[in-house]
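Novice: This structure is in structure tokens; I'll ask about it shortly.
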Amino acid sequence: MIKIRKGQAPGQLQRAAFHDRFMQSFADPSFAPEGEALARLETIAWNNYKDSRKAPVTRKAGKGFADPEYQVSVEWLEARSRLRKAQVGWGKSTTRSRVLLVNGSSRNDGTCPGENSKTHRMVQLAKTQLDNAQIETDVLDLSLLTSEYGRRIHPCKGCVSTAMPLCHWPCSCYPNHSLGQVGDWMNEIYERWVSAHGVILFTPTHWYQATSPLKLMIDRLVCADGGNPDPSSTHGKTVSEAKTLEMKGWDYPKHVAGRVYGLVVHGDVAGVEDLRRNLSDWLDWMGLIDAGPQARLDRYIGYYKPYATSHDAFDADHAVQEEVRNVARAVAHAVKELRAGRLQPPDKAVKRPRPK
């Protein structure tokens, strides 16, 4: 048996520390009249935390699972059902072609910045182009993480690094009710990726890297690349079982492979080339198909100019606006070719000697 390393986690909070954390959500004086009600709710939450009630509503996995008797989270089963339905719809010739447009900017005019992002405007340019091509669009605006109540993507817990089969598809780390890790957006986002025939990522460059919202989504998509679709095979998060299963040989299923992709990366000083390359490599690794050189754009807008006039710089840069439209045009064409059976990865029949 492979040794399992322990000793990092600090253990559960003490009761007083739990109280302080719990009450942080009710610091507004308007909650004060409900102090007794909050105290009762806190007691319930404390007991659930102490007893580690991660998934309080479960049922037997049933037919088709490695252990049909294993109690699986009902929330996870519902997410799995939606993904399976979305995959079936994706493969039907009668389903209308769809492109997922991901706005990776964290800025919008509904929060502290008080102004739309240039990324949002680029998404709208691409959307208009795809609408004209009679392709359905689905805009995933990740800036809602900064402006919408209760909207969140929880961070990846790195299950893959312990053993690939421990990373379930879809992710089973959330919700974790005992820790208050609820309201996770990813189950909906997984479904939107699966339903798409093409994906275009739009993002500014933050400190040479992807934005925080985009990186959260990317990390949580790790389960789409090799994730285990059967949590009963590891009886949830049983580490020893997952390690044993991986060592027997794991096939690393690519759950969103075969979609077409495009990229629009922009910045004002540095880093756009590296970020675009990183995103291209990631999407290639996931098994997506690039729509050609004109579908991979990295550009500076208002290079070393004031931030205050960056929208004006974008207005004046008609060439970059047309390049964004070209990304959409290239993806639209690639999606049509894909669905007609004329677009296949040239290395589709080549087997990796070291799959991962």
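No value in this document is a laboratory result; all are computed from the given coordinates. None of the values given here were measured: they were computed from a predicted structure. Methodologically, a virtual Cβ is constructed for each residue, glycine included, from the backbone with ideal geometry; neighbour enumeration extends over all protein chains shown.
Novice: Let me know the charge dipole size of the chain about its Cα centre in debye, to the nearest 20, where only the beta-carbon of Lys, Arg (+1) and Asp, Glu (-1) is charged. Mind dumping the intermediate values first?
Specialist: Working: 49 positive and 40 negative charges, 305 e Å.
For this selection, approximately 1460 debye.
Novice: Quick one: grab Rg to one decimal and Dmax as a whole number for the chain, Cα atoms only, in Å.
Specialist: Spelled out, the Cα radius of gyration and Dmax of the chain are 22.6, 67 Å.
Novice: Using alpha carbon centroids, what distance separates the range 102-156 and the range 192-262, in Å?
Specialist: Between the Cα centres of the range 102-156 and the range 192-262 lies a distance of 21 Å.
Novice: While we're on this one: Could you put Arg21, Arg259 in order, starting from the residue whose Cβ has the fewest other Cβ atoms within 10 Å? Before the final figure, lay out each step's value.
Specialist: Working: Arg21 13, Arg259 24.
Least to most surrounded, the residues fall as Arg21, Arg259.
Novice: Report the Cα centroid-to-centroid distance between the range 276-299 and the range 60-83 in angstrom, as an integer.
Specialist: The two parts, judged by their Cα centres, are 34 Å apart.
Novice: Here are some pairs, Lys254/Lys336; Lys3/Lys85; Lys85/Lys127; which of them have Cα atoms lying more than 29 Å apart in this structure?
Specialist: Flagged as over cut-off: Lys3/Lys85.
Novice: Let me ask you something else. If each residue of separation counts as 0.36 nm, what is the full-extension length gain between Ala308 and Glu188 once their alpha-carbon separation is subtracted?
Specialist: Going from the current span to full extension adds 39.7 nm.
Novice: Listed here are the pairs Lys248/Lys351; Lys215/Lys351; Lys157/Lys356; which of them are more than 27 Å apart at the Cα?
Specialist: Values: Lys248/Lys351 19 Å; Lys215/Lys351 29 Å; Lys157/Lys356 18 Å.
In this structure, Lys215/Lys351 lie more than 27 Å apart at Cα.
Novice: Just want to confirm a number: the relative contact order over the range 1-94, from Cα pairs under 8 angstrom separated by 6+ residues, in percent.
Specialist: 15 percent
Novice: Search the structure for amide H atoms under 5 Å from the amide H of Arg296, placed 1.01 Å from N in the peptide plane, and list their residues when 5 or more places away or on another chain.
Specialist: Excluding prolines and chain starts, which carry no amide H, the hits are Leu263.
Novice: Which cross-chain or sequence-distant (5 or more) residues have an amide H under 5 Å from the amide H of His206, H modelled 1.01 Å from N in plane?
Specialist: Sorted by chain and number, the residues that satisfy this are Thr211.
Novice: Hey, can you rank 133-140, 100-107 by average C-beta count inside 10 Å, highest first?
Specialist: Final packing ranking: 100-107, 133-140.
Novice: Moving on to the next point. Take each of the peptides 147-160, 287-300, average the number of other beta-carbon atoms within 10 Å over its residues, and list them starting from the highest.
Specialist: 287-300, 147-160
Novice: Now for a separate question. Treating the angle as unsigned and between 0 and 90°, give the value, to the nearest 10°, between the Cα long axis of helix 272-285 and the longest Cα principal axis of the chain.
Specialist: 60 degrees
Novice: Of the listed peptides 265-273, 67-75, what is their order by residue-averaged count of other C-beta atoms within 10 Å, with the highest listed first? Could the numbers behind the result be given before it?
Specialist: On the way: 265-273: 19.0, 67-75: 15.9.
The densest-packed peptide leads the list: 265-273, 67-75.
Novice: Which whole-number percent gives the relative contact order of the range 47-339, counting Cα pairs below 8 Å spaced six or more residues apart?
Specialist: 21 percent
Novice: Amide H neighbours of Trp169 under 5 Å, at least 5 residues apart or on other chains, H built in the peptide plane: list them.
Specialist: Close amide H contacts, sequence-distant or interchain: Asn228, Asp230.
Novice: Using a ≥ b ≥ c from the Cα gyration tensor of the range 253-317 (square roots of the eigenvalues), is it rounded, prolate or oblate, where a/c under 1.5 gives rounded and otherwise the larger of a/b and b/c decides, a/b for prolate?
Specialist: The shape class here is prolate.
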